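Single-structure report; data block below.
The values are calculated or read from the model by the stated rules, or taken from the named source; none is laboratory data. Please read all numbers here as calculations on a predicted model, not as lab measurements. As a convention, Cβ positions derive from the backbone with ideal geometry for all residues, glycine included, and neighbour counts pool all protein chains shown. The area values use the complete protein model at the heavy-atom level, side chains included, leaving out ligands, DNA and RNA. Shrake-Rupley method; radii C 1.70, N 1.55, O 1.52, S 1.80 Å.
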Amino acid sequence: TGPDGVRTWQGTLGRTHTTAAVTYPMEPPVGGDHNPVWQNCNGDVYTKPVKNVHAVHSLEHGAVWVTYNDKAPKADVAALAAKVRKTPYTLMSPVEDQKDPIVLSAWGHQRTVTGASDPNVDKFLAEFVQGSQTPEPGAACTGGLGQ
C-alpha cells in the first residue's frame, strides 16, 4: 500500500482467457486469468453481484470496478451509482464478502474509500479509468455481458 492508500500488486497478473473457474487471491480481484466475455462497463450499475471472471476482463479493458457490501450506507451507494453512470469505463456491483464497505478496483490496483464524498474516489477514477496500468486500452466496454 502506497502513501496515497492505493494497494498495488507486484509481479505479473495472468491474462489468459479461460472458461474454467478461476480462484483469485483477493476479493474483489484486481486482475488475473478471466472469462473471454467482459462485463459491460460503460457506466453500468448492477444491483446483483457479477461474476469475478467477467469483471476482471473489464479491468483489463481499463475499467474501474466500484464494489460495496451491506455495510455501505445506502446514500453512499446511491451517490456512487450516480457517479458511475456518468463515467465511461466504470461498473459497480455488490460484493458481499469483501472486507471493507466500499472498494475501488483497477487492473493491479485497489483502494478502500470512506464513502461517496471521499476525495479519493475522484482521484482513483482520474488516475485509473483507462490509466497507464490498462493492459488493453481502448478495448470495448459494451457488447459484453449485462446482468
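So which trypsin sites (Lys or Arg not before Pro) in the stretch 26-135 are both in a DSSP loop and have at most 16 other Cβ atoms within 10 Å of their Cβ? Mind dumping the intermediate values first?
Numbers: sites: Lys51, Lys71, Lys74, Lys83, Arg85, Lys86, Lys99, Arg111, Lys123; in loops: Lys51, Lys71, Lys86, Lys99.
Passing sites in the stretch 26-135 are Lys51, Lys71, Lys86, Lys99.
Apply the a/c threshold of 1.5 to the C-alpha gyration tensor of the stretch 95-147 and tell me whether it is rounded, prolate or oblate. The shape class here is oblate.
What is the dipole size for the stretch 34-102, taken about its Cα centre, with +1 at each Lys and Arg Cβ and -1 at each Asp and Glu Cβ, in debye to the nearest 20? Present the calculation step by step, with values, prior to reporting the outcome.
On the way: 8 positive and 7 negative charges, 43 e Å.
Magnitude of the dipole: close to 200 debye.
For GluC sites (Glu not before Pro), the sites in the stretch 41-130 that DSSP calls loop and that have at most 13 other Cβ atoms within 10 Å are Glu96.
Would you mind telling me the share, in percent, of accessible area of the stretch 1-127 contributed by carbon and sulfur at probe 1.4 angstrom? Of the solvent-accessible surface of the stretch 1-127, carbon and sulfur hold 52 percent.
Pairs of lysine residues in the chain that meet both criteria, 8 or more places apart or on different chains and Cα atoms under 21 Å apart, total 14. Charge dipole (Cα centre; +1 on Lys/Arg Cβ, -1 on Asp/Glu Cβ; no other charges) of the chain amounts to roughly 200 debye.
The heavy atoms of Leu104 offer some 0 square angstrom of accessible surface to a 1.4 angstrom probe.
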